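Reviewing the structure listed below.
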Amino acid sequence: MSLLQLPAFGKARPWVRTAVLRPELGSLVAAVLLLTFFSIASSGAMLEIPTLARVLDTAWPYGIIAVAVGLLMISGEFDLSTGVMVGTAGALLGVMATEWGMNLWLALLLSLLICLGLGLWNGLLVVWTGLPSFVITLGTFFGLRGANVALSKYFTGDALIENIDEAAGFDSLHAIVATVFGTAPSDFRVSLLWWGGFTLIATWILWRTKIGNWIFATGGDREAARAVGVPVNGTKVGLFMLTAGAAWFVGVSNAVRYTSVQAGQGVGAEFFYIIAAVVGGCAMSGGRGSAIGPAIGALIWGIAFVGIPHAGWNSDWRWAFYGVLLLLATLINHIVGERVRTARSG
Amino acid sequence: MTTEQVSAAESDSSAVAEQASDVPVLEVRGLGRQFGSVVALQDVDVALRAGEVTCVVGDNGAGKSVFIKMLCGLIRPSEGEILLDGRVTEFASPRQARSQGIVAVYQDLALAPMMSLWRNFFMGGEPVKGWGIFQRFDVGYAKEAMQRELEKLGVNLGDPDRAAHTLSGGERQGLAIARAMYYGARVLILDEPTSALGVRQSGAVLRLIRRAAQRGTAVVLVTPKPQHAFWVGDRFLVFQRGRLIEDRRSETLTLESLSYLMAGGGEVDELETAIATA
């Protein structure tokens, strides 16, 4: 029984059609409205370059992972282990480079392989057991949460791994993942380019490759997709590896940027990625969404994070704001989905 | 599949139309399937010919759906063999069966509701252009090829960017059948295509099925409605309790005798006797 009673109709209205085909539009409108709102509330301070630099610097780590989580959500699955995976990637890189004296580039490659392996584990468990990915990745989440800190303490004697900048290969890696353009406070990290590039590539994959069609089909109707020959299990496993890989990128970028890693980091962040994906128009039930939408969802978090204190409000309201936004976005998604279902049976 | 291969598959389907219809496209011998100790189907011998509509009828649990699922590679037979053009073959997956020209259109029509028509049309068989990491979904070709195939079957669905959920039941069938034909379906398996449709749309879909057969496809139609089967079918396979009990051509039947067979044949007599003596 649906909570929302909607009138059935045979033909979808134009706005439903737009919402189905361009689900990220709503979040774009929301982002523009919020930026306008906070600009007025902060008497223009919101639009100054240092403020915008902070907005983007807050948003990018969420953005990169949210894009991957969004694609996974379109295929009909969740990944709750992405937050702690950031800590795993950073801790792996840190332990290998500082305790074992490994070249950072080698540590980078090995940590990537381990993270992809964890993503593979998530994916294979989901497709083999048929259990909800919510439960399986929650298990991985707790497993990693414990392992990150325990292993880091075992190898380094501390949950804080420091002095990554003393490892071989630091300068070249730093140049690639953490270069700064401009001077503080108007500084922009190269990470933003990675974020933008990743979003563009993900958009390309989703809209213009057959893998993209498989992602939509897998989440849209799994059995139908399987029946016409879409490799649904392979698609899902690949996407779990993608979310793990995105978390790895953020983890190692931060490790190099701050030259230290807090092994317990990332706990709780998994919800932000999911919220960003939903706010960006990805349907929790799968089958609909975009790659640019989750990126905009993360940008909205950046706008709120910086905008709320600029408007003179207590910064604790950020959380409440994001909660409300999640509910609104889910409600809109639900209404669109409900219209689709009623139109289908009508 | 590249654009060239797709066009090749397309011309294949017209070549099939010229083939003599007495050569079975697909044949099964001694086909059977058990699930644990339950025998779902046993000893089925059938030859499917190009240009014929073969109706599969029978009660629930008679083995109809296991039969068609084995034909299209969704279920593997535990006994017997499947012959394609006279050669023994095995289908490891629906994808493989489909690559050999055996396409199933299911009750749910294998359409993802929120995807556009052209995305649905090429789901699982996306035409691509370019190579390496620049290989991409050939969108322009996809839209054009879909429209061309729909026109051939006389189906007009309008804007190819429509989401599939906006289609009516009959339109959905049209899209699914056109999709199957596009892939050079030599054997087209339809599972209760008219079960959710009104009279007018049913008629349109049945005409589509005839048109597909005229183009040289061997059509396998599962339907519980005698009128629909009789109007469109050349041949009727009646299943009962996991066995093929009748294999009749349409000339040997009337609508009444078909209805009797479809209702369970001898079982109806048993039922009447049981009621009378109770």
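Percent antiparallel among DSSP beta bridges with both residues in chain B, to the nearest 5?
Values: 25 of 44 bridges.
The antiparallel proportion sits near 55 percent.
This ranking places B:Glu151, A:Glu162 by how few other beta-carbon atoms lie within 10 Å of each, fewest first, which gives B:Glu151, A:Glu162.
Calculate how large, on average over all directions, the projected area of the Cα convex hull of segment B:78-137 is; give the answer in nm² to one decimal. Intermediate results must be reported in sequence, preceding the final value.
On the way: hull surface 27.0 nm².
Seen from a random direction, the Cα hull of segment B:78-137 projects 6.7 nm² on average.
Counting neighbouring Cβ atoms within 10 Å and putting the fewest first, the residues A:Lys153, B:Lys64 line up as A:Lys153, B:Lys64.
Bridges between two residues of the protein assembly as shown, per DSSP, are antiparallel at a rate of about 60%. Within chain A, the whole DSSP H helices whose Cα atoms reach 27 Å or more along their own axis and whose mean Kyte-Doolittle score is at least -1.0 are A:49-74, A:104-129, A:133-156, A:232-258, A:317-345.
Computed over every Cα-Cα pair of segment A:64-174 and binned at 10 Å starting from 0, the pair-distance distribution P(r) comes out as 14, 41, 30, 14, 1 percent. Calculation over all alpha carbon pairs of segment A:194-346 in 10 angstrom steps from 0 returns a P(r) of 10, 31, 35, 18, 6, 1 percent.
The Cβ shell under 14 Å around B:Arg248 holds other residues with a net charge of -4, Lys and Arg each +1, Asp and Glu each -1. Applying Stokes-Einstein at 20 °C and 1.002 mPa s to the Kirkwood radius of segment B:101-224, computed over alpha-carbon pairs, gives a translational diffusion coefficient of 145 µm² s⁻¹. Using the empirical formula 2.2 N^0.38 Å as the baseline, the Cα radius of gyration of segment B:192-240 reaches a ratio of 1.11.
Based on the alpha-carbon set only, what is the convex hull volume of chain A divided per residue, in Å³?
Details: hull volume 50.8 nm³, N = 346.
In chain A, the Cα convex hull volume per residue is 147 Å³.
A Gaussian network model of chain A, with springs between Cα atoms under 10 Å, assigns the largest mean-square fluctuation among A:Ile292, A:Ile176, A:Ile274 to A:Ile176.
Rounded to the nearest whole Hz, the Karplus-based 3J(HN,Hα) values (6.51 cos²θ - 1.76 cosθ + 1.60, θ = phi - 60°) of segment B:95-104 follow the sequence 4, 5, 4, 5, 5, 9, x, 10, 10, 9, with x at glycine and proline. Distance from the alpha carbon centroid of segment A:183-251 to that of segment B:122-157 works out to 22 angstrom.
Geometric descriptor of chain B, per residue, is 152 Å³ (volume of the convex hull of the Cα atoms). Rounded to the nearest 20 debye, the dipole size of segment A:23-334 about its Cα centre is 700 debye, using +1 on the Cβ of Lys and Arg and -1 on the Cβ of Asp and Glu. When the helices of chain A are scored as -39500 (n - 2.57) per DSSP H run of n ≥ 4 and the total is divided over every residue, the value at 222 nm lands at -23500 deg cm²/dmol. Calculated on the Cα set of the protein assembly as shown, radius of gyration then Dmax: 28.9, 98 Å. Taking every DSSP bridge with both residues inside segment B:96-227, close to 25 percent are antiparallel.
Computed with the Debye formula from one identical point scatterer per Cα of segment B:217-278, without solvent, the log10 of I(q)/I(0) at q = 0.20 Å⁻¹ comes to -0.79. Averaging the sequence gap over all C-alpha pairs within less than 8 Å and six or more residues apart, then dividing by the number of residues, gives chain B a relative contact order of 27 percent. Ignoring aspartates and glutamates fewer than eight residues from B:Lys69 along the same chain, the ones with Cα atoms less than 12 angstrom from its Cα are B:Asp191.
Mind checking the alpha-carbon convex hull of segment B:112-166 and giving the volume per residue in Å³? Spell out each step's value before the answer.
On the way: hull volume 4.7 nm³, N = 55.
Taking only Cα atoms, segment B:112-166 has a hull volume of 86 Å³ per residue.
Considering the dipole of chain A built from charges on the beta carbon (Lys and Arg +1, Asp and Glu -1) around the Cα centre, which of A:Thr243, A:His310, A:Leu56 is farthest to its positive end? Looking along the dipole axis, the top candidate is A:Thr243. The charge dipole of the protein assembly as shown, taken about its Cα centre with unit charges on the Cβ atoms of Lys, Arg (+1), Asp and Glu (-1) only, comes to about 1060 debye. Normalised by the number of residues in chain A, the mean separation of alpha-carbon contacts (under 8 Å, six or more apart) gives a relative contact order of 37 percent.
Values quoted throughout were computed directly from the atomic coordinates according to the rules given, and no laboratory measurement underlies them. The shown structure was predicted, so the numbers you read here are calculated from the model rather than taken from an experiment. We place every Cβ from the backbone using ideal geometry, glycine too, and count neighbours over all the protein chains shown.
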